[in-house]
1. Which of the residues belonging to the stretch 222-238 are exposed (fewer than 13 other Cβ atoms within 10 Å of the Cβ), charged (D, E, K, R) and part of a helix (DSSP H, G or I)?
2. Give me the residue from the stretch 77-126 that is of a type in the set (D, E) and modelled with pLDDT of 95 or more and, out of that set, surrounded by the fewest Cβ atoms within 10 Å (Cβ to Cβ).
3. Which of the residues spanning the stretch 207-221 are touching a residue at least 40 places away in the same chain (Cβ under 8 Å), in a loop (DSSP other than H, G, I, E, B) and not aliphatic (A, V, I, L, M)?
4. I'm checking my understanding of the structure. Among residues of the stretch 101-123 that are farther than 13 Å from E66 by Cα and charged (D, E, K, R), which one is farthest from the chain's Cα centre (by Cα)?
5. With the condition being more than 23 Å from P154 (Cβ to Cβ) and without any contact (Cβ under 8 Å) to a residue 40 or more places away in the chain, I'd like the strands (runs of 3 or more DSSP E) fully within the stretch 1-119 carrying at least 3 qualifying residues.
6. What number goes with the only condition from (1) in contact with a Lys or Arg (Cβ under 7 Å, 6 or more places away or on another chain); (2) closer than 23 Å to A33 by Cβ that R189 does not pass?
7. Only residues that are surrounded by 20 or more Cβ atoms within 10 Å (Cβ to Cβ) and assigned to a loop (DSSP other than H, G, I, E, B): list them for the stretch 134-153, please.
Amino acid sequence: MNPCIREVRAKAVLSKSGIPGRKYCINPYVGCAHACRYCYATFMKRFTGHAEPWGSFTDVRVNAPEVLRRQLRRAEKGNIIISSVTDPYQPVEGKYMVTRKCLEVLALYDFPVDILTKSPLISRDIDIILKIKDAEAGITITTDDERIRKIFEPAAPPVPARIEALKRLHEAGIRTYVFIGPVLPMNPRALAEQIRPYAGSVIIDRMNYTDRTRWLYRQYGIEKWLDEEFTGRVVSELAGRLGGKRQCQIV
């Protein structure tokens, strides 16, 4: 599915965040072409005016860097997360580079920055991230199984590519973390072994949005992953293999 891409102009891009520990969020795009079946951000359609299904459109906020520069001059210091309701490195970023240009602006200001993405494209911007005094980069990895990834995250990058990006960020000296949310069907031992060498920390969030995806679990014969007791044991094993409370936070 080729998403509908539209260029728009934003009045503001630095917004107050409802995420604990993050004062602000920056969303360089509206909508997300990754089309994850469980995506919580579908509520954004109430504000975008789009009739298209979520995952089939992306609005490019072409003036975001200029607006961000203006807002940062007046903003009180606080942690910033990029992004909260879109992926800052979805495919259109390869052409428009709005996220990269926003990072170039952020490098001029003393704000702690947290970047979260499913895309290996973040590796392109290692040079800019290294210029930000207090920056960390997170990669969302919800499973180790490509078959499962294709079911629940059909247009998102493959898991091995995400792990390779995590490795590149880590080896460049950037503070890294992995966000495992939602917890999709997986082999916890295999996933832990792949990400443990490169993740400074791990956040596990079960994010129970199964009402949206229950039919997929049934269609593919993976209903046991709907059982809270079963997934609870998986989460406990995963956390233990990732270093327990020292390195792994369950939210």
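The values are calculated or read from the model by the stated rules, or taken from the named source; none is laboratory data. These figures come from a predicted structure and were not determined experimentally. Backbone-built Cβ (ideal geometry, glycine too); neighbour counts: all protein chains shown.
1. Within the stretch 222-238, E223, K224, E228, E229, R233 qualify.
2. E104
3. Listed by number, the residues that qualify are Y209, Y220.
4. D110
5. none
6. Of the numbered conditions (1) in contact with a Lys or Arg (Cβ under 7 Å, 6 or more places away or on another chain); (2) closer than 23 Å to A33 by Cβ, the odd one out for R189 is (2).
7. I141, T142, T143, D144, E153 - these are the residues of the stretch 134-153 that are surrounded by 20 or more Cβ atoms within 10 Å (Cβ to Cβ) and assigned to a loop (DSSP other than H, G, I, E, B).
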